[in-house]
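Some notes on the structure that comes next.
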Amino acid sequence: MTGAAPAVVAASAAPVFADLVGQREAVDTLMAAAEAAAAIVRGQAPPPGVMTHAWLFTGPPGSGRSVAARAFAAALQCARGGCGECAECRTTLAGTHADVRSVVPEGLSISVEEMRSLVLRAGSAPVGGRWQVVLIEDADRLTEKAGNALLKAVEEPSPRTVFLLCTPSTHPDDVSVTIRSRCRVVSLRTPNAESIAEMLVRRDGVEPRSAGWAAAASQGHVGRARRLARDPEARSRREAVLAVPRRLTGIGACYEAAAALISATDAESAAAVSHADARERSEMERALGAGGTGKGAASAFRGAAGVLRDLERRQRSRATRAKRDALDRALVDLAGFYRDVLTVALGANGVAPVHADAFADARAAARKWSPESTLRRLEAVLACREAIELNVKPQIAVEAMMISLWRG
């Protein structure tokens with residue numbers, strides 16, 4: 001199941017791919033592969049090079065990498081190629097299918113222990129008789145040892161095992177060259193605002209005007225567009241971020257704005273993980289016998305302190321990742337504002353603004369700042385994003401950014 005894929009174009013998209021926005025070429029490739037996979041299950045010879053055992057879904061944030069991978073997994077398990085209605089499709093999309101195992105990293109990395117356990121289970125025959133699918137979201141978070149464990153499995157796959165990896169890009173820093181060389185790459189692009197708006201209207205029932213605004217403000221991130229269209233708090237947080245340039249009137253204001261931004265993103269991330277943390281701890285305590293009245297129940301629970309500490313460690317790691325993600329969303333919004341200022345300053349007529357509701361502020365800023373200083377401000381935001389990815393303490397990175405934005 002290797003080799004270059006021929007140019008096969010599917011006639012129409014299967015229902016499981018309906019939420020993959022603006023990715024026609026990728027859908028055609030995956031549907032052709034699902035048809036070839038079905039032929040293999042029937043004992044027939046598929047067209048050469050169409051189906052392979054390892055896939056790498058790559059694209060910018062919000063392009064739908066994990067959506068594409070899970071839809072493809074459903075198409076592989078479905079006898080009708082992804083009808084969206086059968087038990088195989090529903091359970092795969094819900095993450096409960098017995099033959100589809102997923103790794104969704106909640107912390108900063110995927111450990112070798114987690115990967116070895118997954119690879120071991122993936123070597124077994126599929127329960128349903130079709131395919132054993134291993135789906136790894138954010139494969140760029142694999143540790144070196146975890147990547148080596150995965151590489152061995154990808155090099156020597158079981159006949160009915162398929163690996164689906166998702167990563168922002170195919171840069172060696174994101175996924176090793178050796179793993180990449182053994183995968184078929186499915187490149188996703190940033191969907192346009194029109195496609196996102198149409199999806200919000202069709203799937204979520206959003207009013208067309210609100211859908212168009214949210215799609216533009218999301219800068220091509222489908223999940224972000226959905227949050228902006230449906231969540232008033234998400235819109236309020238965005239408004240607070242877009243007010244930052246007006247607040248930078250001096251050094252003291254820079255530090256205040258940095259503290260406010262960090263505090264707001266910390267609160268957002270805490271709200272996002274608190275429910276899951278409480279549920280996991282409650283379930284773990286019940287499993288360990290908390291509240292039990294039987295003989296030895298209390299002593300057994302006391303002896304499980306190490307298990308609870310391990311849970312707390314994983315939750316802290318997830319909280320750190322959630323904080324970084326929330327802060328990054330705020331920085332993307334801020335970068336969009338300076339992009340709008342730059343388009344005005346350079347007279348780029350006909351270029352739609354990212355933040356239409358803050359365009360008056362962008363025009364006012366363009367009258368005060370030179371294009372060069374605006375570009376320096378935009379670069380400061382991008383440098384802050386990069387610094388945080390390199391593990392610079394967020395408070396320090398954001399304070400440095402705010403000072404650069406004030407000075408221009």
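Listing Leu30, Leu346 from fewest to most neighbouring C-beta atoms within 10 Å gives Leu346, Leu30. Return one quarter of the surface area of the convex hull spanned by the alpha-carbon atoms of segment 15-187, equal to its mean projected area, in nm². That works out to 9.1 nm², a quarter of the Cα hull's surface. Each label was represented as a point 7 Å from its Cα along the Cα-to-Cβ direction; for Ala240 and Ile396 these points are 2.5 nm apart. The fewest-to-most ranking of Val133, Val185 by surrounding Cβ atoms within 10 Å reads Val185, Val133. Across segment 197-273, the fraction of Cα-Cα pairs farther apart than 14 Å, rounded to a whole number, is 65%. Distant-in-sequence amide contacts of Arg184, defined by a placed amide H-H separation under 5 Å and a gap of 5 or more residues or a different chain, comprise Ala54, Trp55, Leu56.
For segment 15-187, what's the relative contact order in percent, using C-alpha pairs closer than 8 Å and at least 6 residues apart?
28 percent
Once the Cβ-Cβ distance of Glu113 and Ile40 is raised to the sixth power relative to R0 = 30 Å, the FRET efficiency obtained is 0.40. In this simple spin-label approximation, Ser210 and Ala271 carry label points 7 Å from Cα along the Cα→Cβ vector, and these lie 1.7 nm apart.
Between Ser124 and Asn349, take the C-beta separation as r, use R0 = 45 Å, and let me know the FRET efficiency to the nearest 0.05.
Numbers: r = 60 Å, r/R0 = 1.34.
Using R0 = 45 Å, I get an efficiency of 0.15.
Every number in this text was worked out from the coordinates using simple rules, so none of it is lab data. Here the structure is a predicted model, which means the values were calculated and not measured. Neighbour counts are summed over all protein chains in view; Cβ atoms, including those assigned to glycine, are modelled from backbone coordinates with ideal geometry.
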